[in-house]
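Structure first, then comments.
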Amino acid sequence: MQFFKTNDGCQIAFQDVGDKTLPVLILLHGFTGSSEVFQRNIPTLSKHFHVIAPDLRGHGASGKPRHGFHVFRLAMDLHNLLGHLNITQSSTVRCIAGSLGCSILWSFAELFGTDMFSHMIWIDQAPMQNYASDGSWGSAEGNRGMNSASAVANLKATLKYDPDSVYRGTIAGCLGYRSHPVADESVSDEVRDADEEFFLAIARKGNAEWYGNLMADHTALDWRQSIVEQFGGRAEHKTNVLVIATDRSGCFPALGPLAAVDFANAKASTPRARGIVIEWGGHWCYWEDSERFNRLALDFLTET
């Protein structure tokens, strides 16, 4: 693990794996996670790419300041990390982002553009979590649980008094074999217990109150029009996007993440976004069936 300091003095931990002459691949984890959630992917992906996997501020081995619980701050941290590694706008970078990581990329695009990214994979994150008051976005697209101010208030209260129940609930919703089990799927008690202990240990490294403030910011953001403008509204945009959705997510119905494809292509003279609905995993599909995920990711990331 390596470390650097952001422009506001927060220490960020990151994994740096693979031949530095290879194209750069950034891995961005989600809420209560760390770069360790990609431990089943990095060995394979690093044979083809120079893999950089940070622990987000407030997560994992990174600093735990009392401030900075905003998606735009996390996007700035990513910008600082790229600067620390001398990865510039003239570079060709790829990125895999899960959940909250997608919002960080959308924020980064607003602040700094998309020019350096040749490929992005967005895993199971809808462009808007909350339901819209005008009815344009609801249960068919938004988050299954975190979709209103009252839901976030309940989450923050529970994080204050019983954070482990929130972490365990997150794990149950993010592993497809738990949120949406299928008849022919066999997962042993040993695997279930090992997965829960692994993700629970990672979540416990963060501060529960800080997590709650971050979720409040994350759920309040509406990225729909921003995606239209940043990924399709500029003639020079050349970022290829693969959206991975699933019918087995405890976080989103597949239509929510897939809507990002339509937004990204809405103004594009040459559509560069496409989506896929998988059946072999849930919100954390890259963990549940890492071999299949790695093949899917590499097929896309190595396209010209």
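The values are calculated or read from the model by the stated rules, or taken from the named source; none is laboratory data. Given the structure is predicted, the values throughout are model-derived calculations rather than measurements. Virtual Cβ from ideal backbone geometry, glycine too; neighbours counted across all protein chains shown.
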Inset, instruction - Any chance you could count how many residues in segment 67-98 are more than 18 Å from the chain's Cα centre (by Cα) and on the phi > 0 side of the Ramachandran plot? - result: 1
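Determine whether segment 152-159 contains at least one residue that is of a type in the set (A, V, I, L, M), within 20 Å of Val261 (Cβ to Cβ) and buried (at least 19 other Cβ atoms within 10 Å of the Cβ).
Step one: of segment 152-159, the residues of a type in the set (A, V, I, L, M) are 152-153, 155, 157, 159.
When the remaining residues are screened for being within 20 Å of Val261 (Cβ to Cβ), the result is none.
Taking every residue of segment 152-159 in turn, none turns out to be of a type in the set (A, V, I, L, M), within 20 Å of Val261 (Cβ to Cβ) and buried (at least 19 other Cβ atoms within 10 Å of the Cβ).
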Inset, instruction - Go through segment 150-260 and tell me which helices (runs of 4 or more DSSP H), entirely inside it, have 2 or more residues that are modelled with pLDDT under 95 and within 22 Å of Asn130 (Cα to Cα). - result: 224-232
Inset, instruction - Kindly establish whether Gly169 is closer than 23 Å to Gln39 by Cα, in contact with a Ser or Thr (Cβ under 9 Å, 6 or more places away or on another chain) and surrounded by fewer than 16 Cβ atoms within 10 Å (Cβ to Cβ). - result: yes
Inset, instruction - Quick one: in segment 1-47, of everything that is polar (S, T, N, Q) and in contact (Cβ under 8 Å) with a residue 60 or more places away in the chain, which residue is surrounded by the fewest Cβ atoms within 10 Å (Cβ to Cβ)? - result: Asn7
Legend entry - Enumeration of residues in segment 2-29 that are assigned to a loop (DSSP other than H, G, I, E, B) and either among the charged types (D, E, K, R) or touching a Cys at 6+ places or on another chain (Cβ under 8 Å) (or both): Asp8, Asp19, Lys20
